[in-house]
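A short reminder: the numbers here are calculations on the coordinates, not readings from a lab. Given the structure is predicted, the values throughout are model-derived calculations rather than measurements. Neighbour counts are summed over all protein chains in view; Cβ atoms, including those assigned to glycine, are modelled from backbone coordinates with ideal geometry.
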Amino acid sequence: MAVVRDQLEALWRLQQLDVEIDAVAARAARIEGERRARAAAVESRAAILAEAQQRLKTVEFDRRSAEKDLAAQEAAVRKIKSREALSAGAAVYAAREKDLAKERQRLSVAETRVLSLMEEADKLRESTVTLTRERDQAAEALAAFSRESAAAAEAATAEIAKLGERRAPIAAAVSADWLARYDRFREKGKRAVAEVRAHHCAACDAGLTLRDLGALLDAKTVQTCRACGCVLYLDPARAAEELRLSGAGAEKPAPGKPG
């Protein structure tokens, strides 16, 4: 009987320690996840900035090309206006006026394009300044958070190591068969040991009979929940309370929902 009680106590303590270890590991994982998210945000800002800078280069190149076209159109207009069209006769004068109208139209288009590109270039310069500032701020915040997260990760590793040192002798006290069963539950992300509260399995809420409770109190064998398969653990300090709650002669399972 003492051996079974020792096994149950060891399994219960083992699970409590593993819950602590999982909580510390989950906390460290959340911190690392946030660090990666911040790093991704910095990379995204850097990519947006690089795209804006490339677009600015393209616009500046297009603006210079447009300015050359504008200068060529202005020269064409000046050339036509400088001719002595009146001495060439009415027909030549009319033709040159027509050419002049076409060149003025091209000049207007060229001027509009230059102005449009200049406006776009100004907006892109402002945008790159803002994006650079945001990128630098995000990078500084990431660096600070990375230092904090590194310290947190180191602390978590140390804490898990300490908990592992406490866990090792407890796990060694559990029989190989029950430890393997415990590990199978853990691999599935389930609790292997469930406390009995108000004559119910705390894992699935299935009810226990008075006979089940008696078997737990006798502790001749390790008892498992008939519904979910968890090892049932009854805190010795709660044994009297569980007997009182069960009621004399209660043989039928209390209402519960199978897990």
- prompt: What nm distance separates the two modelled labels at GLU34 and THR221, each placed 7 Å from Cα along Cα→Cβ?
  reply: 5.0
- prompt: Could you give the length gained on full extension between GLU43 and ALA72, defined as 0.36 nm per residue of separation minus the Cα-Cα distance, in nm?
  reply: 6.1 nm
- prompt: On a 0 to 90 degree scale, rounded to 10, what angle separates helix 2-82 from the longest Cα axis of the chain?
  reply: 0
task: Give the share of C-alpha pairs in each 10 angstrom bin for region 22-172, from 0 to the last occupied bin, in whole percents, shortest bins first.
output: 10, 19, 15, 13, 11, 9, 8, 6, 4, 3, 1, 0
message: What does the charge count around GLN53 come to, taking other residues whose C-beta lies under 12 Å from its C-beta (Lys +1, Arg +1, Asp -1, Glu -1)?
response: +2
field: q = 0.07, 0.13, 0.16 Å⁻¹, the chain: log10 I(q)/I(0) [Debye, one scatterer per Cα]
entry: -0.56, -0.93, -1.13
task: May I ask you to compute the full-extension gain from ARG106 to ARG184, defined as 0.36 nm times their residue separation minus their alpha-carbon distance, rounded to one decimal in nm?
output: 20.0 nm
- line: For region 129-172, whose charge dipole is built from +1 on Lys and Arg Cβ atoms and -1 on Asp and Glu Cβ atoms, the candidate among ALA168, PHE145, VAL129 with its Cα farthest towards the positive end is ALA168
- prompt: What net charge is computed for the residues neighbouring LEU117, neighbours being all others with C-beta under 14 Å from the C-beta of LEU117, Lys and Arg scored +1, Asp and Glu -1?
  reply: 0
statement: Between GLU9 and ALA153, the two model label points (7 Å from Cα along the beta-carbon direction) sit apart by a distance in nm of 4.0
- line: Total charge of the residues flanking VAL231 in space, meaning their Cβ is under 14 Å from its Cβ, with Lys and Arg +1 and Asp and Glu -1, is 0
task: Could you go through region 123-131 in sequence order and give the Karplus-derived ³J(HN,Hα) for each residue, using 6.51 cos²θ - 1.76 cosθ + 1.60 with θ = phi - 60°, rounded to whole Hz, and x for Gly and Pro?
output: 5, 5, 4, 4, 5, 5, 4, 5, 5
query: Using modelled amide H (1.01 Å from N, peptide plane; none on Pro or chain starts), what sits under 5 Å from the amide H of THR224, excluding residues fewer than 5 places away?
result: LEU232
message: Using a Gaussian network model on the chain with a 10 Å cutoff between Cα atoms, which of LYS162, LYS102, LYS220 fluctuates the most?
response: LYS102
task: Work out from phi, with θ = phi - 60° and the Karplus expression 6.51 cos²θ - 1.76 cosθ + 1.60, the ³J(HN,Hα) of each residue of region 209-220, listed in order in whole Hz, and give x for Gly and Pro.
output: 7, 5, 5, 4, 5, x, 5, 5, 5, 5, 6, 7
query: Roughly how many nanometres apart are two label points built 7 Å out from the Cα toward the Cβ at GLN53 and ARG238?
result: 6.3
- line: Of all stretches in the chain that avoid GluC sites (Glu not before Pro) placed in a DSSP loop and having at most 14 other Cβ atoms within 10 Å, the longest is 85-250
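Pull out the extension gain between ARG197 and GLU97, defined as 0.36 nm times the separation in residues minus the alpha carbon to alpha carbon distance; nm, one decimal. Intermediate values should be presented prior to the final figure.
Working: separation 100, 0.36 × 100 = 36.00 nm, distance 10.36 nm.
Stretched fully, the ARG197-GLU97 segment lengthens by 25.6 nm.
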